Amino acid sequence: MSADYMIVNDELNAATRTIHIELLVRNESSEPWLASEGFAISYHLYDVETGTLIADGPRLHLRHDFKPGEAVPVILDIAVPPEDGRYQVVVSPMREDVCWYYEKGWPFLLVEASTENDVTTLGRVRVATSALLRRERELRAIGRALTYPVLTIWRNRGLIRVMVRRDILGRYRGSFGGSFWTAMNPLLLMLTYFFVFGIVLHRAGESRSQFAMYFLSGMLPWLAFSEAAGRSPTVMLEHRNFVKKLVFAVETVPVNLVISGLVTELFAVVLYCLFLLAVGHGLPPTVLWLPALLVPQLLFTAGVSWFLAALGVFVRDLGQIIGYILTLWFFLTPICYPETSLGPSATLVLSKNPIYVLVRGYRAIFLDGHAPAFGALWKLWLLSAVVFVLGHAWFYKLRKSFADII
């Protein structure tokens, strides 16, 4: 069974916020619409944002039976709410206490309207189906999932800049070195690892300077990623005062960690470049490929940080667990040992590690003088974009519960 709609007239009375519609509803089914069975034409008024049913319209009962092919003349006056918002009106055949036929998959007349600043406007008037609206909602959801994280960061870029500056300076406030520790911390960490793996565990026949260049290049992406991921599980608890503010964009809090980690890495990159010049290696022109590695690195780190920050609100032990996970992740990535020490099967498995791809890319542009492998690079971009979108979706889904739990 089905129905068809022919619009004769549609207009909006702006003064009364009333939509006047004249149409013909044609019986496109193979059976008659029987007045004795309670057939009628009516409408439902919905709030688009919440999907809430606002009004159940009056029934226009059939005066007589309508055979297949015959059309029912219908005149409707629909009042649009004065509150700001977007609204949809669904006009459809129905039977009292039996069903609305648009819920059974029949086509229906869809009228769109909106109210903003006490002004009501009439949108599209068209024939649609529930399946069509479902596909449109899915497409809009996909579009929002792809664009909303970027728009959120862009719109709150001033807030992020202030919060990052506050985070970096706050960590060392009152110390003798002050913000100087922003550069010293990555330097001391890299020197510590180099002392352990390059001197204490140094193997005969290896050049310490060669090993230092190899090891420190792998540490560059790891510094930024591990700093953000390690602090993410507890960051929402640390900023609980901001979480309870309705006007604060809480999704920017994990982003602050990502940018802070990037600042730390940039200091480390400068120190590493000075080291390369000091040992006579020089800086190859392929270092210009660095942005092609930084962008997916930031996307991946942001996605992981959003995921861990949201999960950390519900699982308080995550702050302790993530330290062990990051330690394992570090040693599963060939940063402090040569890739050649891995067997072919281990290399095949570990090559799926995005940090491994980043480490190889950094070594390619700083040490080998060639661009990162394109095959691994585009896969890294794709994976990072997916993690970025899914991480934000996860955070966005759970953030409504933060204030209640924290």
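The values are calculated or read from the model by the stated rules, or taken from the named source; none is laboratory data. Because the structure is predicted, anything quoted here is derived from the model rather than measured. Cβ atoms come from the backbone with ideal geometry, glycine included; neighbour counts cover every protein chain shown. Ligands, DNA and RNA are excluded from the accessible area calculation, which covers all protein heavy atoms including side chains. Shrake-Rupley method; radii C 1.70, N 1.55, O 1.52, S 1.80 Å.
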Condition met for A310 (crowded, with 17+ Cβ neighbours inside 10 Å and modelled with pLDDT under 95): yes
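Restricting the search to the range 361-381, which residues are open to solvent by less than 30 Å² (accessible area, probe 1.4 Å) and more than 25 Å from the chain's Cα centre (by Cα)?
Narrowing the range 361-381 to residues open to solvent by less than 30 Å² (accessible area, probe 1.4 Å): 361-366, 372, 377, 380.
Residues satisfying the conditions are G361, Y362, R363, A364, I365, F366, P372.
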Residue pairs meeting the criteria (Cβ under 6 Å; at least 6 apart or on separate chains; first of a type in the set (S, T, Y), in the range 34-54; second assigned to a loop (DSSP other than H, G, I, E, B)): S42/G57; S42/R59; Y43/G57
Sole exception among (1) open to solvent by less than 50 Å² (accessible area, probe 1.4 Å); (2) more than 27 Å from L276 (Cβ to Cβ) for L358, by number: (2)
Residues of the range 98-122 classified as within 19 Å of A55 (Cβ to Cβ) and open to solvent by 40 Å² or more (accessible area, probe 1.4 Å), total: 3
Residues satisfying the stated conditions in the range 334-355, i.e. under 30 Å from A309 (Cα atoms) and either open to solvent by 50 Å² or more (accessible area, probe 1.4 Å) or more than 27 Å from the chain's Cα centre (by Cα) (or both): P334, I335, C336, V349, K352
Residues that are open to solvent by less than 30 Å² (accessible area, probe 1.4 Å) and out of contact with any Leu (no Cβ under 8 Å at 6 or more places or on another chain), drawn from the range 255-283: V255, N256, L257, S260
